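The values are calculated or read from the model by the stated rules, or taken from the named source; none is laboratory data. What you see is a predicted model; the values in this text were computed from it and never measured. Don't worry about glycine lacking a Cβ; one is built from the backbone with ideal geometry, like all the others, and counts go over all protein chains shown. Each accessible area value is taken on the protein alone, full model and side chains, heavy atoms only, with ligands, DNA and RNA left out. Shrake-Rupley method; radii C 1.70, N 1.55, O 1.52, S 1.80 Å.
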Amino acid sequence: MRTRSRIALAMALLLGSLQCLAAPDPGLTLKVTDSGYLDAPGVSVMLYDDNYSPIFFDQKDAAMQIILHGHRIATNGSVRLLPTPEQWDAIPHLISRQADKAHERLTAFVSYPAFHFYYHVVVAAEPGGVRVSMNLEKPLPQALIGRAGFNLELLPSIYMDKAYAVDGKAFGVFPRSPEAEMTVAPPRPGDPRSLGYVQQWHEAKGYTQPLPFATGKSITMAADDPLNRISVTSDTGPLLLFDGRNEAQNGWYVLRTLIPAGKTQGAVVWHIRPDYIPNWTRPPMIAHSQAGYAADFPKVAVIELDRRYEAPRTAAVLRLSDDGNYRKVFEGPVSTPKPWLRYDYAKFDFSAVKEPGLYVIEYAGRRTDVFPIAQDVYGKTWQTTLDGFLAVQMDHVSVRDAYRVWHGIAHMTDALQAPPNITHFDGYWMGPNTESPYQPGQHIPGLNVGGWFDAGDFDNDAFGQYGTIQNLALTYETFHTKWDELAVNEKARSVEMHGPDGIPDVVEQVEHGVLQTLAQIRAVGHPFTGIQSPALRWYTFIGDGASQTGAYSNNPDPRWAWTMTSARMEYAAAASLAAASRTLKGWNDPLSKQCLDAAIELWKDAEAHPDHDHRPGYLEGEGGYREFGLGSPEWSAAVELTIATRGAEPYKSRVEKMFPATPQQIAFGGWSAVRALPYLAPDYRTRLEAAVDAFVPQLNHYMAATPFGVPPSLGAWGGSAQVAEFGVAMYFLHEAFPDAVGPEYTLRAANYLLGTHPDSSVSYISGIGTASKLQAYGNNRADNTFVPGGMVPGYVVIKPDFPECITSFGFLWFEDEYTVDAAATWVLEANAADAIVREKAQSRSPRT
């Protein structure tokens, strides 16, 4: 009884404190910017600067979005047909949008064409915040009454465990785990039919929906947190507060008002009041390498600054002593800040600090995490990726780490032949011909071997597999990595971490990859798109891969083999197999020969059956210098087969025919021509050197446009893989032409991935560096954790100008999802950075 009394008293006191909270500052006045959104110090409201994805549908980065005190707190402010819609549910179609500076308002014209439902949303500045009104061309269609409403989604990692207040009378706490009651809402007669896989998904779940856990005319979120407090008042229907995580682990909290029948103008009207802190400025963010710096190389931190911040002109480096005290060892100037996107950026060069030890940077009263200065900083950054993340991703085996079993033997029922003429989620599709000797639904034997889970899901994706094989093979061939801490037994389908078995781990990983590619060729005569679950219920599966299908699963259906192929795919597979053949030589000679023989046959078939839309050469990327991959599959296959056959025809002639001549071609794969130079006439080296000489100034000009000196992440997916590829490309060019290309590009790329990037300074490689991304989109993301060694995509730009990679949340795949080919690129890039440091150290060592 005494305990209950204390709880009741505490709740009464909390309610009283919430009622006495200061109201949002009416002095907040938002203005439409030149970029077309509403903005004031500490608050931004966008309307359809970002739109829903035509492929992935709802990515949690569209429609009306709110940024408050430096964090995106809300997204998907739009009309939705469910209280907590999931990724593949119906999304609105944007017709047009306007930004009206004269009246400080944003307007978006939107529709649901299948329901003949057209409306526009107006977000207008008013004292203290914004007024949001939803206006219909005609009264709500009968089919949408009781289901269409205006939604706004709130980021769980910000609001969980925070207080909310309803109408000044009731309160609660946002639940850490979803607790809402559920109801059933089946489709109505006459509803437009959903996509087949979406319909199947809702049927499997029984058409469940959560009930609201709070209802009122006015709701204040994060009432106890002035940085994230926001109040919403409805002039029309009641506000309903839902927990989208009842439906999916990647769900957000959802605030919603239903659209009433019969009304058009002002059908829904909200007043949104952020709890604006006057004169608030975002604290400086000191971007630096969390893994540290090599003693004899440049050391530059990049400081991200609010444009209204009075930035100090100097920063300092402090050395950590063994008694726990910090001693200043260097103080130097900070460069003049320069604008990029919404922030200013200044640089702090502390290259003069060379003595090995542990250090922090101090600026404006803030200190970074501790980082080392040493000769071997990069040499310790890739092993966890190879033996941690890539081991966890290994398919068709069990993976164990001491007491922990990451997963059992997975997907032993692989795979059924996918039917023709079908388009599925995640971009998978089949044409009119299965290009396979098997009938739709027939089991294809022999596919339950090798390969990796592609990403945070359990797909086996062709191009991801090929890139992983090729980058790991190049790592072994270039750096002779002998690291051995995995015990891999393919016959027993067993992988044990921290168990040396006498074979380099990179060799075992390459072998594991090619086993799947060769199995596909044996089964259907060619490599194919991949293997994937055909049902959303199992595609969205999070857990032990062994229980997704097979004896330990209640899923009766094996995954499907999507057996489409193309010349492009055959070239890519040939490139990876040719590279693998050299890695496996001396370790598994029969398999090495199989790889090279298969690569040669794939080349012949690709030549005999060219793709109708194939574009020869390198320029298949997005242009500029954003993509530094292996180049077009045809070029990559020509290079790898030239090396594997020691300059045999017809591969050598193809390399000569496609030889890079322009800076753009150097960027997109042409850099790898340096690897084929030993098999070409000497004049090709002269030609390539001239192209590189023209390439470097253009590259420098392009990279100087960003504060970080690496390819910027301006697409829909974070660009960490492209930065790693850039570092790799520049390493090989540096090794071939050291007078034209310095080592700084490769080290800059490594330092970027290890923390010198926008928004935060966490390392993008989970578990590597003092502070790293510890909530990520791996196959254990339901536990809000990470897979050691996985590399996340990193920041994206929430349009038009907000760089974001949320450190406290791991469910945004475009910022957080690990992929195997990106991880393998990091293994290669980290070895390249380490090699540069070691080469310089060796050049300084006295000769004996």
### Message
Step by step: first the residues of segment 140-171, then only those that are more than 23 Å from N250 (Cβ to Cβ) and not aliphatic (A, V, I, L, M), then the one that is surrounded by the most Cβ atoms within 10 Å (Cβ to Cβ). Which residue is that?
### Response
F171
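Among the residues of segment 687-696, is any assigned to a loop (DSSP other than H, G, I, E, B) and surrounded by 16 or more Cβ atoms within 10 Å (Cβ to Cβ)? Don't jump to the end; show me each part of the working.
So the first thing to find is which residues in segment 687-696 are assigned to a loop (DSSP other than H, G, I, E, B), and the list is none.
No, segment 687-696 has no match at all.
Those residues that are assigned to a loop (DSSP other than H, G, I, E, B), among the aliphatic types (A, V, I, L, M) and modelled with pLDDT of 95 or more, I need them from segment 275-296; list them, please. Spell out how you get there, then give the answer.
Within segment 275-296, the first condition is being assigned to a loop (DSSP other than H, G, I, E, B), and the residues that meet it are 275-284, 288-292, 295-296.
If we keep only those that are among the aliphatic types (A, V, I, L, M) too, we end up with 277, 291, 295.
Of everything in segment 275-296, those that are assigned to a loop (DSSP other than H, G, I, E, B), among the aliphatic types (A, V, I, L, M) and modelled with pLDDT of 95 or more turn out to be A291, A295.
Can you find even one residue in segment 372-392 that is of a type in the set (S, T, Y) and in a strand (DSSP E or B)? Explain how you work it out, then say what you get.
Looking only at segment 372-392, we keep the residues that are of a type in the set (S, T, Y), and these are 378, 381, 384-385.
Next, only the ones that are in a strand (DSSP E or B) stay: none.
No: zero hits.
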### Message
I'm checking my understanding of the structure. Among residues of segment 557-568 that are open to solvent by 10 Å² or more (accessible area, probe 1.4 Å) and not hydroxyl-bearing (S, T, Y), which one is modelled with the lowest pLDDT?
### Response
D557
### Failed criterion for E735 (all others in (1) open to solvent by 10 Å² or more (accessible area, probe 1.4 Å); (2) touching a Cys at 6+ places or on another chain (Cβ under 8 Å) hold)
(2)
### Restricting segment 415-433 to residues that are part of a loop (DSSP other than H, G, I, E, B), in contact (Cβ under 8 Å) with a residue 24 or more places away in the chain and touching a strand residue (DSSP E or B) at 6+ places or on another chain (Cβ under 6 Å), the residue that is farthest from G543 (Cα to Cα)
A418
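Of the residues in segment 626-659, how many are touching a Lys or Arg at 6+ places or on another chain (Cβ under 9 Å) and outside any helix (DSSP H, G or I)?
Step one: of segment 626-659, the residues touching a Lys or Arg at 6+ places or on another chain (Cβ under 9 Å) are 632-635, 637-645, 659.
In the following step, the residues that additionally are outside any helix (DSSP H, G or I) were identified as 632, 645, 659.
Total satisfying the criteria: 3.
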### Summary
Conditions (1) under 23 Å from the mean Cα position of the chain (by Cα); (2) of a type in the set (A, V, I, L, M, F, W, C); (3) open to solvent by less than 40 Å² (accessible area, probe 1.4 Å) -> F463 fails only (3)
### Search result, residues across segment 233-247 that are in a strand (DSSP E or B) and either in contact with a helix residue (DSSP H, G or I) (Cβ under 9 Å, 6 or more places away or on another chain) or hydroxyl-bearing (S, T, Y) (or both)
T233, S234, D243
### Message
Criterion first (under 30 Å from S133 (Cβ atoms), in contact with a strand residue (DSSP E or B) (Cβ under 9 Å, 6 or more places away or on another chain) and modelled with pLDDT of 95 or more) does I272 satisfy it?
### Response
yes
### Only listed residue being open to solvent by less than 30 Å² (accessible area, probe 1.4 Å), under 28 Å from W813 (Cα atoms) and in a loop (DSSP other than H, G, I, E, B), chosen from N228, N250
N228
## Note on the structure
If we keep only residues of segment 231-245 that are surrounded by 19 or more Cβ atoms within 10 Å (Cβ to Cβ) and polar (S, T, N, Q), then the residue nearest to R282 (Cα to Cα) is S231
#### Entry: Residues that are at negative phi, free of Cβ contacts under 8 Å to residues at least 60 places away in the same chain and either open to solvent by less than 30 Å² (accessible area, probe 1.4 Å) or not in a helix (DSSP H, G or I) (or both), drawn from segment 571-589
K585
### Query
Do you know which residues across segment 537-556 are buried (at least 23 other Cβ atoms within 10 Å of the Cβ) and modelled with pLDDT under 90?
Q548, T549
### Task
Report, ordered by the first and then the second residue, all pairs with beta carbons closer than 6 Å, sequence separation of six or more or different chains, a first member in segment 297-323 that is assigned to a loop (DSSP other than H, G, I, E, B), and a second member that is of a type in the set (A, V, I, L, M, F, W, C).
F297/L747; K299/F350; A311/L305; P312/A364; R313/V334
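State whether one or more residues within segment 335-355 are part of a loop (DSSP other than H, G, I, E, B), open to solvent by less than 40 Å² (accessible area, probe 1.4 Å) and over 19 Å from A374 (Cα atoms). Steps first, answer last, please.
Taking segment 335-355 and keeping what is part of a loop (DSSP other than H, G, I, E, B), we get 335-337, 341-342, 350-355.
Now drop any that are not open to solvent by less than 40 Å² (accessible area, probe 1.4 Å), which leaves 350-351, 353.
Next, only the ones that are over 19 Å from A374 (Cα atoms) stay: none.
Looking through segment 335-355, none of the residues is part of a loop (DSSP other than H, G, I, E, B), open to solvent by less than 40 Å² (accessible area, probe 1.4 Å) and over 19 Å from A374 (Cα atoms).
Does P139 satisfy the criteria of being part of a loop (DSSP other than H, G, I, E, B) and within 20 Å of D58 (Cβ to Cβ)?
Values: part of a loop (DSSP other than H, G, I, E, B): yes; within 20 Å of D58 (Cβ to Cβ): no.
For P139, the condition - part of a loop (DSSP other than H, G, I, E, B) and within 20 Å of D58 (Cβ to Cβ) - is not met.
Hey, any hits in segment 776-799 for a residue that's small (G, A, S) and touching a strand residue (DSSP E or B) at 6+ places or on another chain (Cβ under 6 Å)?
Just the residues of segment 776-799 that are small (G, A, S), to begin with: 776, 778, 782, 789-790, 794.
Now restrict to residues that are touching a strand residue (DSSP E or B) at 6+ places or on another chain (Cβ under 6 Å): none.
Within segment 776-799, none of the residues are small (G, A, S) and touching a strand residue (DSSP E or B) at 6+ places or on another chain (Cβ under 6 Å).
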### Message
Here is a check on your reading of the model: is K328 surrounded by fewer than 17 Cβ atoms within 10 Å (Cβ to Cβ) and in a strand (DSSP E or B)?
### Response
yes
### Query
Is it fair to say T770 is in contact (Cβ under 8 Å) with a residue 24 or more places away in the chain, β-branched (V, I, T), open to solvent by 20 Å² or more (accessible area, probe 1.4 Å) and assigned to a loop (DSSP other than H, G, I, E, B)?
yes
### Query
In segment 749-767, how many residues are in contact with a helix residue (DSSP H, G or I) (Cβ under 8 Å, 6 or more places away or on another chain) and surrounded by fewer than 24 Cβ atoms within 10 Å (Cβ to Cβ)?
1
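Looking only at segment 199-225, filter to residues that are assigned to a helix (DSSP H, G or I) and in contact (Cβ under 8 Å) with a residue 60 or more places away in the chain; which one of those is surrounded by the most Cβ atoms within 10 Å (Cβ to Cβ)? First the steps, then the outcome.
Going through segment 199-225, the residues assigned to a helix (DSSP H, G or I) turn out to be 199-205.
Of the ones still in play, those that are also in contact (Cβ under 8 Å) with a residue 60 or more places away in the chain are 200-201, 204-205.
Numbers: Q200: 15, W201: 21, A204: 12, K205: 16.
So, considering only residues that are assigned to a helix (DSSP H, G or I) and in contact (Cβ under 8 Å) with a residue 60 or more places away in the chain, the one surrounded by the most Cβ atoms within 10 Å (Cβ to Cβ) is W201.
Quick one: which of V723, V710, V674 is open to solvent by less than 60 Å² (accessible area, probe 1.4 Å), out of contact with any Ser or Thr (no Cβ under 7 Å at 6 or more places or on another chain) and outside any helix (DSSP H, G or I)? Break it down stepwise before answering.
Working: V723 fails: outside any helix (DSSP H, G or I); V674 fails: outside any helix (DSSP H, G or I).
So the residue among V723, V710, V674 that is open to solvent by less than 60 Å² (accessible area, probe 1.4 Å), out of contact with any Ser or Thr (no Cβ under 7 Å at 6 or more places or on another chain) and outside any helix (DSSP H, G or I) is V710.
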